[in-house]
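Okay, so here's the structure we're looking at.
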Amino acid sequence: MSADLHSENQYLKRQLRAYLTQARENEKKFLRFHSITLKLLAAPDLAGLIDIIFNEYRREAKLDTLTLTLVDPRYEIRRTLTHAGLDYNNMPGLIFVNKSAELRKYLSGKTTPQLDMFQKDHDDFFFPDEDRKPASVAILPLMRNKRRMGTLNLGSYAENRFVQGSATDFFQQFSSILTVCIENALNKERIKQMGLLDPLTSVHNRRYFDQRLVEEVDRAARNQKPLSCLFLDIDHFKQFNDEYGHLIGDRVLQEVARILKSQMRVSDVMARYGGEEFAVLLTNTDARLAGNIAERIRFSIAEQVHELGDGVKANITVSVGCDTIHPERNQDARALGKNLVNNADTALYQAKDAGRNQVAAFKRKAVKLKQQVG
């Protein structure tokens, strides 16, 4: 064999080995992609989906940094995460914007993946809390029916990891799958909420409250934080129905629910408990703060004349009962929660008996210890 043929043969062998190595790497990437796609599609809820993105996908894709931007104009996603026990404020990789226009200006109107070197004036928005900024980035718009739902933002410390025009088809496919997964997770939450909402006032119902009560007692015990309950009742509610009819009575309920919602924090749990009664769980709230919140609610309802439609204007007042617990680990959360609500209900009737339109805190009886003589 001539030297030239030998040299060409060696070159072809090296080329073949390189192609085989690249093929094996591509096969591994495909298997990783297929595996993570199946996990995303099987995510039980939105919280689980986000956990897969930030942990499993970041690990499998060997990313140095990853953030997720979501458009959430009605706080629906944030509320859902809070209900799942996640504090989105302590998730630095999760970025919320209230309008899709906030994203459009950083994407320059583009709807396809953008791979390039990190540009501070542009990409700081997508990686705001990183101590070390990535050298190259891939910004994947999450589009559904021409609507921007957010972006998945991938970062690497290697300058050549994300290059313009490289693997854009792959990223486009992945962003499409992820967008569908997010939309499906949100739809699941909406369907779940349909059975847990009071149709008249559009606030949660007693079934939802009872479910969350046990969860919040458990969480308060784990975090060693107080949990307070407010029980509210609309004063003289029967008179609204008797004097103006049930339509106006319904509007009274809707007006009180509206004001209550405006006073609540995202982490609080509020429900129409039944009839003209509402119940509220105030997380990480001691007795003093709970009393202040209850008084603020009472005042905000009583201070104004409410327009109820059909020319009817009326004063509305509520009576409020409060109780607070400091649960400990290994206690019966269901029994503690039931006792908390019963005590707040008892305090409510104390407020009613004292003349209505006021706040009363549950009074625990002092326990005297008998002194042993010996």
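General observations
- Working note: 222 nm ellipticity from helices only, DSSP H runs with n ≥ 4, each -39,500 (n - 2.57), summed and divided by the residues of the chain, gives -15000 deg cm²/dmol to the nearest 500.
- The Rg/Rh ratio of the stretch 268-328, with both radii computed over alpha carbons and Rh defined as the Kirkwood radius, is 1.06.
- A full extension of the chain between Asp51 and Ile248 corresponds to an added length of 66.3 nm, given 0.36 nm per residue minus the alpha carbon distance.
- Rg/Rh, computed from the Cα trace of the stretch 107-166 with Rh as the Kirkwood radius, has the value 0.97.
- Full extension of the chain segment joining Lys146 with Asp310 gains 54.9 nm, where the gain is 0.36 nm per residue of separation less the Cα-Cα distance.
- Put simply, the amide H of Gly150, placed in the peptide plane, has neighbours under 5 Å in Val71, Leu142, leaving out anything fewer than 5 places away on its chain.
- Here the label points at Glu295 and Thr168, each 7 Å from Cα along the C-beta direction, are separated by 6.3 nm in the simple model.
- Cβ-Cβ distance of Asn90 and Asn9, R₀ of 41 Å, FRET efficiency by 1/(1 + (r/R0)^6): the value works out to about 0.10.
- The H on the amide N of Phe118, modeled in the peptide plane, is under 5 Å from the matching H of Ser136, Val137, each at least 5 residues off or on a different chain.
- For the stretch 137-152, Karplus couplings with θ = phi - 60° (6.51, -1.76, 1.60), whole Hz, Gly/Pro x: 9, 10, 9, 10, x, 9, 10, 9, 6, 6, 10, 7, 9, x, 8, 9
- Length gained when the stretch Glu60-Met264 is fully extended (0.36 nm per residue, less Cα-Cα span): 69.5 nm
- Note: relative contact order over the stretch 206-361, using C-alpha pairs below 8 Å and six or more positions apart, is 34 percent.
- Inverting the pair-averaged 1/r between distinct Cα atoms of the stretch 43-194 gives 15.7 Å as its Kirkwood hydrodynamic radius.
- With Cα atoms, 0 to 90° folded angle of helix 206-223 axis to the chain main axis: 70 degrees
- Backbone N within the stretch 134-154 under 12 Å of label point (7 Å from Asp116 Cα along the Cβ vector): 137-139
- Degrees, to the nearest 10: 333-353 long Cα axis against longest axis of the chain: 40 degrees
- Globularity index of the stretch 206-361, i.e. its alpha-carbon radius of gyration over 2.2 N^0.38 Å: 1.06
- For Val266, distant residues with modelled amide H under 5 Å away: none
- Longest site-free stretch - the chain; sites: chymotrypsin sites (Phe, Trp or Tyr not before Pro), DSSP loop, at most 15 other Cβ within 10 Å: 158-374
- Principal-axis tilt of helix 287-302 within the chain, Cα atoms, nearest 10 degrees: 80 degrees
- Trypsin sites (Lys or Arg not before Pro) restricted to DSSP loop in the stretch 49-96 with at most 13 other C-beta within 10 Å: Lys62, Arg74
- Rg/Rh for the chain (Cα atoms only, Rh after Kirkwood) is 1.16.
- Mean sequence separation of contacting Cα pairs (under 8 Å, at least six apart), scaled by the length of the chain, corresponds to a relative contact order of 13 percent.
- Loop exposure criterion: GluC sites (Glu not before Pro), DSSP state outside H, G, I, E and B, at most 11 other Cβ atoms within 10 Å. Applied to the chain, the longest stretch between such sites is 1-302.
A short reminder: the numbers here are calculations on the coordinates, not readings from a lab. Since the model is a prediction, treat every value here as computed from it, not as a measurement. All Cβ positions, even for glycine, are placed from backbone atoms using ideal geometry, and neighbour counts span all protein chains on display.
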